[in-house]
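**Q** Can you keep this structure in mind? I'll have questions shortly.
What follows is calculated from the coordinates using simple rules that are stated; it is not laboratory data. Here the structure is a predicted model, which is why all the values come from computation and not from measurement.
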Amino acid sequence: MSLNCFPSFTCHNVAVYQTLLCRFALALSLAMACSAESLAGNLAYITNQGSNSVSVIDIASKQVTHTIAVGKAPVGVAIASKQQRVYISNANSQTISVINSRSQQTIQEIPVKIQAVGIALSRDEKTLFVADWGGAQVIAVDTAHPQNQKAFKAGKTPSGMLVSADNKKLFIANRDSDDVTVVDTRTLQTIAQIKVGIHPFALTLSPDGKTVFVVNVVSNSLTLLDTESYHTSTIKTGQHPYGVAISPDSRWAYVSNNHAESVSVIDIASGKTVKTIEVGEFPEGIAYDKATQQVIVANWGSDTVSIIDANTNTVTNTIDSPKLCRSFGQFILEAR
C-alpha cells in the first residue's frame, strides 16, 4: 500500500514519521545490545585434548557458545581478563595458543619448545609461566613480547602452578619429586622446596590468598600449604584426585576423583568428606563459579562437562564436549 492512499499524510508528516521510526529503531537496538551485555555471564574454557579445540561454555545458560581450534593436545588454561585473552597450553605442538575472549578466535601461536601442560599467569598479566612436563624447568614468557622467554629450575615433572595473591611468589607442583617449589617471581630464584604427598598435580589458592591447596594424586589427599610459613596439613580425598576448587567462603573443597568418577565435597575445617557426587568418567579440571554458585567439572573419559549446584551438591546438567576434555588450571572467565 502506497502513501498516496492517505491524502492527509503530507511530505512533512512522512519525514517526521521516518525520523521517529529511525530513532525508535536505534533505541531498540541499543536496548537489545545492553540487554545482551547484561545477560552475558561467566564463561568456562574447556580444553579438548583429543580434538585440538577449546569449548566455550556460557555457565548461566549452560550452553556451548563456541568451539575454537587451537594447537595439538591442548591441556592448560590461564585467563587474562584485563588483556581479554585466554592462554592455552598445547602439549604436542609445544605452543601456547592465544584466544581473544571477545571474538572467541585464536589470534596467535607462541612457540615454547617444551611439552607445555601446566600454565599460570602473573597477577599483572605481564608474565605467563609454562611448565615443562618433560623436564625440570619452567619458562617465563613476556606476554607483551612473547619471543622473550626465560627458563628457570623447578622439581621433576612440574605440573600445576599458581601465583600468590601479592604477585611475589610462584608455586609449582612437581609430580615426580613429590614436592612444591616456591619461586620469587621477580628474580626467578627458588625460595623454598616443600615436601607434600605422592605425585602432586593441581594447585588452587584459597580466596583469602593464605593457603595453597595441593592435590596429591597417588596419596589420595590434599596438602594445605601456608603461603608464608610453608607449614602443611593433610586432608584425605577420594581415589586418584586430579583437581580442587574452593568455595568463596573457604568452607568447602570440591575435589575431582579421577578413578572414582566422582567429586568429593569436603568440610575444610573438619577435613571430613560430607558428600560424594557422581559425575562423568575420569573427571579432571574443576572450578567454582561464584556468579551462579555452580561447580564445573571436565570429564576426560566421557567427553562431558558436569554442572554441580553448590547449594544442593547435585549434578543439574551434563554438557557434551569434544574428545578428551581436561581444563587444567583456572578456566573460568568472570564477566565484568
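**Q** So what are the range 143-195's ellipsoid semi-axes, whole angstrom, largest first, if each one is the square root of 5 times an eigenvalue of the alpha-carbon gyration tensor?
**A** That gives 20, 13, 10 Å for the three semi-axes.
**Q** What's the long-distance tail for the chain, i.e. % of Cα pairs beyond 33 Å?
**A** Counting pairs separated by more than 33 Å, the tail of P(r) holds 28 percent.
**Q** Give me Rg/Rg_expected for the range 112-240, where Rg uses Cα atoms only and Rg_expected = 2.2 N^0.38 Å with N residues.
**A** Expressed relative to 2.2 N^0.38 Å, the Cα Rg reads 0.98.
**Q** Past the 25 Å Cα-Cα mark, which pairs from LYS72/LYS210; LYS126/LYS169; LYS72/LYS169?
**A** LYS72/LYS210; LYS72/LYS169
**Q** Cα centroid distance between the range 211-242 and the range 110-168, in Å?
**A** 22 Å
**Q** Could you work out how far helix 11-39 tilts from the main Cα principal axis of the chain, as a 0 to 90 degree angle to the nearest 10?
**A** Around 10 degrees separate the two axes.
**Q** Next question. To two decimal places, what compactness ratio does the range 106-160 give when its Cα radius of gyration is scaled by 2.2 N^0.38 Å?
**A** With N residues counted in the range 106-160, Rg over 2.2 N^0.38 Å equals 1.07.
**Q** Would you please state the base-10 log of I(q)/I(0) at q = 0.13, 0.14, 0.19, 0.20 1/Å for the range 193-336, with intensities from the Debye formula using one equal scatterer on every alpha carbon?
**A** -0.50, -0.58, -1.08, -1.20
**Q** Using a Cα-Cα cut-off of under 12 Å, which aspartates and glutamates could be cross-linked to LYS156, ignoring same-chain neighbours fewer than 8 residues away?
**A** Hits, sequence-local ones excluded: ASP132, ASP176, ASP178, ASP179.
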